[in-house]
Amino acid sequence: MPPAEGSVRRLVEAALADTDPDGPVRWQVISMLRERGDLETFIEARRLCAADDVDERLLGVDIMGMLGTFVDRTLPVLRYLAADEQDAMVLYSVLIAFGHLGDPRALPSVIDLAAHEDARVRYGAAYALQHVLGAPPDRAGLEALRRLSADGDTDVADWAALGLTLTTGGDPESG
């Protein structure tokens, strides 16, 4: 169980001790850090995103995706990772973070990653696209979502088709 209170660093250490990226302790800590939502949390998440260790980068991205109050500071970090990161799970998490933040400024990065060779990354792009298309929906973003809806991976295609339906009000040709 993570500490109920404590420094951000101690909370991060508790999260890193849970080696399952979907582990309950890890996500309880991320939730606690989201509730804090302070500058100290953002700075620690940014430090983690620059770490050599994949698990630390993954945790940093997952925390950043929950810090909507720092979106103007978070987006440049996540966009840098979207362009430079090699690990597919970190890229997947970057895309999920973009989706949680819902900021259309992430759209170019999401479109770029929608063509990634790894299905996990494309799945993350399918999730993120519907949240970052803007209003009215960006045409290039809709086209990327349409391409993903025909993806060879059924999970990617299904998620993209759902996003397309939700975004276009049931008319996938609109937009």
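The table that follows gives values for the structure above.
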| item | result |
| --- | --- |
| Value of relative contact order over the chain, rounded to a whole percent, pairs C-alpha under 8 Å and six or more apart | 13 |
| Spin-label model distance (nm) - residue 146 vs residue 7, 7 Å beyond Cα toward Cβ | 5.4 |
| Dipole of the chain [Lys/Arg +1, Asp/Glu -1 at C-beta], most positive-end residue of 144, 157, 43 | 43 |
| Prolate/oblate/rounded label for the chain (Cα gyration tensor, a/c 1.5) | prolate |
| Cα gyration tensor category, rounded, prolate or oblate, for segment 1-68 with a/c compared to 1.5 | rounded |
| Simple Cβ-charge dipole of segment 123-166, Lys/Arg +1 and Asp/Glu -1, about Cα centre, in debye nearest 20 | 180 |
| Segment 83-175: trypsin sites (Lys or Arg not before Pro) falling in loop per DSSP and having at most 16 other Cβ within 10 Å | none |
| Alpha carbon centroid spacing (whole Å) that separates segment 122-155 from segment 21-39 | 28 |
| Average accessible area per residue (Å²) across the chain - probe 1.4 Å, nucleic acids and ligands excluded | 49 |
| Sum of -39500 (n - 2.57) over DSSP H runs of 4+, divided by residues of the chain (222 nm, nearest 500) | -21000 deg cm²/dmol |
| Computed E for residue 39/residue 19 - FRET, C-beta separation, R0 22 angstrom, nearest 0.05 | 0.20 |
| Protein accessible area in segment 68-166, 1.4 Å probe - carbon and sulfur % | 52 |
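The values are calculated or read from the model by the stated rules, or taken from the named source; none is laboratory data. As the structure is a prediction and not an experimental result, all values here were calculated from the model. Note that we place each Cβ from the backbone using ideal geometry, even for glycine, and neighbour counts take in every protein chain shown. Heavy atoms of the whole protein, side chains included, go into the accessibility calculation; ligands, DNA and RNA do not. Shrake-Rupley method; radii C 1.70, N 1.55, O 1.52, S 1.80 Å.
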